Structures are given as structure tokens and as C-alpha cells.
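Please read the structure below before turning to the comments.
The values are calculated or read from the model by the stated rules, or taken from the named source; none is laboratory data. Note that the structure is predicted; figures quoted are calculated from it, not measured. Here the Cβ positions follow ideal geometry from the backbone for every residue, glycine too, while neighbour counts run over all protein chains shown. Heavy atoms of the whole protein, side chains included, go into the accessibility calculation; ligands, DNA and RNA do not. Shrake-Rupley method; radii C 1.70, N 1.55, O 1.52, S 1.80 Å.
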Amino acid sequence: MNETGFIFDLDGVIVDTAKYHYLAWKNLANELGFEFTDEQNELFKGVSRKRCLEILLDIGQVKSTQKQFDTWMVEKNEDYLKYIEKMDETEILPDVPKILQYLKERNFPIALGSASKNAIPILEKVNLLSYFNTIVDGNNVTKAKPDPEVFLIAADQLGVEPENCIVFEDAQAGIQAANAANMISIGIGDAEILSEADYNFNDFTEIDLEFLEGLVNKNLK
Ligand code: BG6
Ligand code: MG
């Protein structure tokens, strides 16, 4: 087994599903009579579905019974799944297959570490499931990011020490989770938002293979 493991978040790192989550939450907010902005959506990245709905209802100052809450959770997911159904390989973010292919050829163990309960169907749709040695998602965790649980389980399943894991994340909560797990965190997206990351890139096209080699050889941290 290789000493270094790689852990990828899903939404906003491998595929651009963050926009579909946003649209589905926005639709629900509008139905409940208030606006939900792109800026507010930042708080939803990496955060569990349940926690997102709690934040959304706080934003709209909407009170709900448990029954209503559960109905809205289902409604949001059904709406989200309508966007997902139409997904195919064209929605993989730039250079993700290239990086996955490179890591696979070098025999690095690869995990998914996502808060989503829809992770496996999405990876199947975009034909990337076979790259992953293990999938840890919203169905396997009890504590949501920024808690490190999801990444620690992934490291354990890969058989790699946490400090030898490299995490790709697009969410503030995800970077915090990776840091709390004592892993190397790489922010994919806005460097200002992801300022707590060890390294920042706008997307995978900016990550060259020498950089990854350097990380693996521990020249860079
Ligand atoms: C994360 C997204 O990956 O998954 C969050 O960044 C989302 O926005 C969470 O709420 C849960 O996803 P799902 O698919 O289980 O609703
Ligand atoms: Mg994400």
C-alpha cells in the first residue's frame, strides 16, 4: 500500500453539483416566500442536507413542525435529483479525470469524502466510480464537516495515516474538517473563501503533476 492517500470531496470538486444544490434550495426558499442568495449559499457547501435546511429556515425566519421539516427535506432532494438525472460526463470539472488517472496509474489509494447521500449515483452517472478505492459519504457519518469524521474514516479505510492524506475541498467547512484531521488541505475555488487551506487553486487545471509529486515527497508542507 502506498504511504500517501488522496481524498476528494464530490460536490464542487469533482462535479459542479454545487449549482444544483443551490437551485434546489433557492426554489424551496422562493416557495416559502423569501430569497436565497449565492453568497448565503457559501454556508451550505460541505454541510449536511439537514443542517442546510436548518440554516435556510433561519435565514427566512420560518418556523416549522418536524413533519414540515421532513417534507421540505424530501422536496429539496427530489428537486435536486431532477437536475442530477440529466448529468453526464460533460459535467465533470476540468482536469479531474486526468488527475484521477495519474493517481491510479501511480497506485495511490483514492477515497471519496463527501457529505452527500447521493454520492454513488452521481459518480456512476459521470462514470468515475471505478477510480475510488473507498467511498465515505453522508450515509456513513454521524458528524458533518467541519468535524473531521468523514476524512478520518476515509483514511482508515485506505489504510493511510491521516497526516499522509491529501484532501481536495471546495468548502470552508471541508477545509476545516481536513485541517482538524491533521491532513494536507487543498482548496479548490476562491482562495479568499478557502484561506484556511494549506494550498489554493482555482481548479485542477492549475495543479501540475510535479506539485503532487512534491507533496507526496513531503517537500512542500
Ligand atoms: C455536500 C454539499 O457535498 O453534500 C452540500 O456541498 C450538501 O451542499 C451535502 O448539502 C449533502 O448532500 P445531499 O446530496 O445528501 O443532499
Ligand atoms: Mg464540496
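Count charges around I110 for me, please; just the other residues with Cβ under 13 Å from its Cβ, Lys/Arg as +1, Asp/Glu as -1.
So the surrounding residues net to 0.
Using the basic label-point model (7 angstrom from Cα toward the beta carbon), what is the E124 to R51 distance in nanometres?
2.7 nm
Can you give me the % of accessible surface on region 18-84 that is carbon or sulfur? Probe 1.4 Å, all protein chains present, nothing else counted.
Whole-percent figure for carbon plus sulfur exposure: 52.
Using only the alpha-carbon atoms of region 51-154 as identical scatterers, what base-10 log of I(q)/I(0) does the Debye formula give at q = 0.19 Å⁻¹?
So the normalised log intensities are -1.10.
Can you tell me the order of 77-90, 13-26, 42-55 when each peptide is scored by its average per-residue count of other Cβ atoms within 10 angstrom, highest first?
In descending order of packing, they fall as 13-26, 42-55, 77-90.
Please tell me the relative contact order of region 18-84 in percent, rounded to the nearest whole number, where contacts are Cα pairs under 8 Å and at least six residues apart.
After rounding, I find 46 percent.
At a threshold of 8 angstrom on Cα-Cα distance, excluding pairs fewer than six apart, so keeping six or more, what relative contact order does region 68-147 reach in percent?
31 percent
In debye, nearest 20, what is the charge dipole magnitude of the chain about its Cα centre with +1 on Lys and Arg Cβ and -1 on Asp and Glu Cβ, if you could check?
The dipole of the chain has a size of about 700 debye.
Could you tell me what fraction of 2.2 N^0.38 Å the Cα radius of gyration of the chain comes to, as a two-decimal ratio?
Relative to the 2.2 N^0.38 Å estimate, the chain comes out at 1.01.
For a quick check: with amide H placed at 1.01 Å from N, whose amide H comes under 5 Å from G5's, ignoring anything fewer than 5 positions away on the same chain?
Amide H neighbours of G5: C165, I166.
For region 18-84, compute Rh as the Kirkwood radius over C-alpha pairs and then the Stokes-Einstein diffusion coefficient at 25 °C and 0.890 mPa s; write the answer in µm²/s, rounded to an integer.
Estimated via Stokes-Einstein, D reaches 209 µm²/s.
Within 10 Å, count the other beta carbons around each residue, average over each peptide in 179-190, 123-134, and list them highest first.
Going by the mean number of other Cβ atoms within 10 Å, highest first, we get 179-190, 123-134.
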